[in-house]
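Only one structure is covered here, and it is reproduced in the block below.
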Amino acid sequence: MTHPLPEPVIRPVAEGDAGAIALLLAAAFGQDTEARLVAELRGCGALVMERVAVDPDGTIDGYVAFSRVTGAGPAHRLAISCLAPVAVRPDRQRTGIATMLLEASLRELADRDEDLVLVLGPPAFFPRFGFDAELAKKVRAPYAGAFFQALALTDAARAALPIEVSFATPFQAFD
């Protein structure tokens, strides 16, 4: 008889987590590009929020980061963030950890009065959290297409659209 894996605890990133997060990102993506992005976002102060999913033995099973996005014109009053990256250890993928991380993080962002969240990711995955490629068409950014999606957390975000935004400098490596 197999026992279900214990549910991880979602918590803020702690001092000393950076190395484990970098290893997790490299394992999940098969490269160190995302780990370098996170280190650069941390270094320039662009991260709005980082969360990890930790199993009972203290192993970090999942990670999500949100960085500040700057709106131009009337959108400069909005609190806009970019979800990137989200990752789960390869041996724990497809166990609901990413869903837990995203649901908890998006609730927390809404509680913090974040207005809009943008993501560049699989169109089959992110809509379950409310992300919408059609809404993202109203956001002028360096990204476009079905992979670019937006989630309005407030009425102010919906009312301000269409808008123009710029991402934190470390994202320019991905343009």
- Task: Please work out which residue is surrounded by the most Cβ atoms within 10 Å (Cβ to Cβ), limiting yourself to region 120-132 and to residues that are within 17 Å of residue 100 (Cβ to Cβ) and in contact with a helix residue (DSSP H, G or I) (Cβ under 9 Å, 6 or more places away or on another chain).
- Result: 126
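Assess whether residue 114 counts as being touching a residue at least 40 places away in the same chain (Cβ under 8 Å), assigned to a loop (DSSP other than H, G, I, E, B) and within 15 Å of the chain's Cα centre (by Cα). Step through it out loud before you land on a result.
Values: touching a residue at least 40 places away in the same chain (Cβ under 8 Å): yes; assigned to a loop (DSSP other than H, G, I, E, B): yes; within 15 Å of the chain's Cα centre (by Cα): yes.
For residue 114, the condition - touching a residue at least 40 places away in the same chain (Cβ under 8 Å), assigned to a loop (DSSP other than H, G, I, E, B) and within 15 Å of the chain's Cα centre (by Cα) - is met.
Looking at 28, 39, 18, which is the one that is over 16 Å from the mean Cα position of the chain (by Cα) and of a type in the set (Gly, Ala, Ser)? Step through it out loud before you land on a result.
Values: 28 fails: over 16 Å from the mean Cα position of the chain (by Cα); 39 fails: over 16 Å from the mean Cα position of the chain (by Cα).
Testing whether each residue is over 16 Å from the mean Cα position of the chain (by Cα) and of a type in the set (Gly, Ala, Ser) leaves just 18.
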- Task: Among the residues of region 133-171, count how many are surrounded by fewer than 18 Cβ atoms within 10 Å (Cβ to Cβ), among the aromatic types (Phe, Trp, Tyr) and part of a strand (DSSP E or B).
- Result: 0
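Are any residues in region 117-132 in a strand (DSSP E or B), hydrophobic (A, V, I, L, M, F, W, C) and under 19 Å from residue 154 (Cβ atoms), and if so, which ones? Give the derivation first.
At the first step, the residues of region 117-132 found to be in a strand (DSSP E or B) are 117-120, 132.
Narrowing the set further to residues that are hydrophobic (A, V, I, L, M, F, W, C) leaves 117-120.
Correct list: 117, 118, 119.
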- All positions within region 57-75 that are over 25 Å from residue 173 (Cβ atoms) and part of a helix (DSSP H, G or I): 73, 74
- Task: Considering each residue of region 101-113, count those that are out of contact with any strand residue (DSSP E or B) (no Cβ under 6 Å at 6 or more places or on another chain) and surrounded by 15 or more Cβ atoms within 10 Å (Cβ to Cβ), and give that number.
- Result: 4
- Restricting the search to region 76-111, which residues are more than 22 Å from residue 166 (Cα to Cα), in contact with a Gly (Cβ under 8 Å, 6 or more places away or on another chain) and in a loop (DSSP other than H, G, I, E, B)? 89
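Laboratory data are not the source of any read-out in this text; all were calculated from the coordinates shown. What you see is a predicted model, and the numbers here were worked out from it, not measured in a lab. Cβ sites come from the backbone with ideal geometry, for glycine too, and all protein chains shown count toward neighbours.
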